[in-house]
Amino acid sequence: MSAAVRQLEKLIDLVANYELDEISVARLSEDMRLSRWQLQRTFLALTTTSLGEYLRAYKLSRGAEMLIGSDTGILDIAIACGFNSQEAFTRSFKERFKMTPRQYRLNGKPSQVSFELFIPKTREWSKAMNIELKTKPELKLKGHMAYFNGHGMEGANNFEVIPNLWDGLNRETMAQDHNVATWYGYIFDSDQREKGQLLYLAGYDAKDGDLEISNVVEESVPEQLYAVLPHYGPLEKLGESLDAFYGEWLPSSGYKMSASFNIEVYDQRFDPTSANSYFETWVPVKAA
């Protein structure tokens, strides 16, 4: 059994032993001693569903059992399952079971309540698994920045927001005389995290030049150790490389993510649609 699957089994056991209204990604992250980002990304790589979707489905299935197996009021069941209102519970319940909680209580059968977590027994992990560990000096990044919903998050729009950032940056810098050969995409936390949104900065290291950019933002990235994940091929296949890294390499490596987020590193080899494209994702790590 791989280290990642052992982590997954530990997570499932923790969820089963929590009170329903205490189940959260934040608590699981703390008890698993992993960053929220690593925990969510590893879960997605192994199960092909997001951790948030899993927890919501688990709570709703437990709620369905309570509807059939007790005469507890629907509002009390909603609160017990961690919903802040009966309306929110009813909306999510109907989406999953195709009927309201009241209809389910009247017409449901115990055999209808089922909840299984699909864990693929085999995955064809990316061949691009030649991971190197490198320490990168401090970066002082300048560029354009925007909120986005990442891969596996509800309303994922990373393949819309991020290319638009790069297009705008390229238009502004194309005619400028500069020596910037390496460009960086920096993913970091945001004040909208509870809505599933992170921040992405598309830019360059200030030591490589001083370009004229409208609405410029600046962020410092401290020197730290990274696991360097190469990606070969078109950008749309990036998820496969990330699945391989988070679902196989990282859990077995003796390292875990440090507190900050990833850096994407691009040079002249990058072409988002080409089979010959190449770029790197630098994942900040520390000893587990």
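The values are calculated or read from the model by the stated rules, or taken from the named source; none is laboratory data. Not measured: the values here are computed from a predicted model. Counting neighbours? That spans all protein chains shown, and the Cβs are built from the backbone with ideal geometry, glycine included. Note: accessible area is taken over every heavy atom of the protein model, side chains too, but ligands, DNA and RNA are not part of it. Shrake-Rupley method; radii C 1.70, N 1.55, O 1.52, S 1.80 Å.
Just a few scattered comments:
- Of the trypsin sites (Lys or Arg not before Pro) found in segment 191-288, those that fall in a DSSP loop while having at most 16 other beta-carbon atoms within 10 Å are R269.
- Using alpha carbons only, the radius of gyration of the chain set against its Kirkwood radius gives Rg/Rh = 1.04.
- For the options G69, G143, G233, a Gaussian network treatment of the chain with springs between C-alpha atoms closer than 10 Å singles out G69 as fluctuating the most.
- The angle between the Cα long axis of helix 51-69 and the main principal axis of the chain comes to about 0°, on a 0 to 90 degree scale.
- For the pair D71 and R96, a Förster radius of 25 Å applied to the C-beta separation gives a FRET efficiency near 0.70, rounded to the nearest 0.05.
- Residue-averaged [θ]222 nm for the chain, counting only DSSP H segments that reach four residues, each worth -39500 (n - 2.57): -11000 deg cm²/dmol
- Global form of segment 21-85, assessed from the alpha-carbon gyration tensor, a/c cut-off 1.5: prolate
- Exposed GluC sites (Glu not before Pro) absent - longest run of the chain, DSSP non-H/G/I/E/B, at most 13 other C-beta within 10 Å: 20-115
- Here r is the Cβ-Cβ distance between D191 and E218 and R0 is 25 Å; the resulting FRET efficiency, rounded to 0.05, is 0.90.
- Unit charges at the beta carbon, dipole of segment 138-231: most positive-side option, S220, M174, F148: F148
- Solvent-accessible area, 1.4 Å probe, carbon plus sulfur percent, for the chain: 47 percent
- Degrees separating the helix 86-97 axis from the principal Cα axis of the chain, which is the longest one: 90 degrees
- Among P137, A45, T281 the positive-end extreme of the charge dipole of the chain (Cβ point charges): A45
- Rounded to 10°, Cα long-axis angle of helix 158-173 versus longest principal axis of the chain: 20 degrees
- Projected area averaged over orientations for segment 141-243, convex hull of C-alpha atoms, nm²: 7.6 nm²
- 5 angstrom amide H check on F279, placed H, neighbours 5+ away: H231
- Per residue, the chain exposes 53 Å² of accessible surface when a 1.4 Å probe is rolled over the protein heavy atoms with every protein chain present.
- 16 Å reach of a label modelled at K140, 7 Å along Cα-to-Cβ, counting backbone N of segment 218-258: 218-223
- Spin-label proximity, A287 to segment 18-34 - amide N less than 18 Å from point 7 Å beyond Cα toward beta carbon: 34
- Candidates A45, A88, A16, ranked by Gaussian network fluctuation over the chain, Cα under 10 Å, top entry: A88
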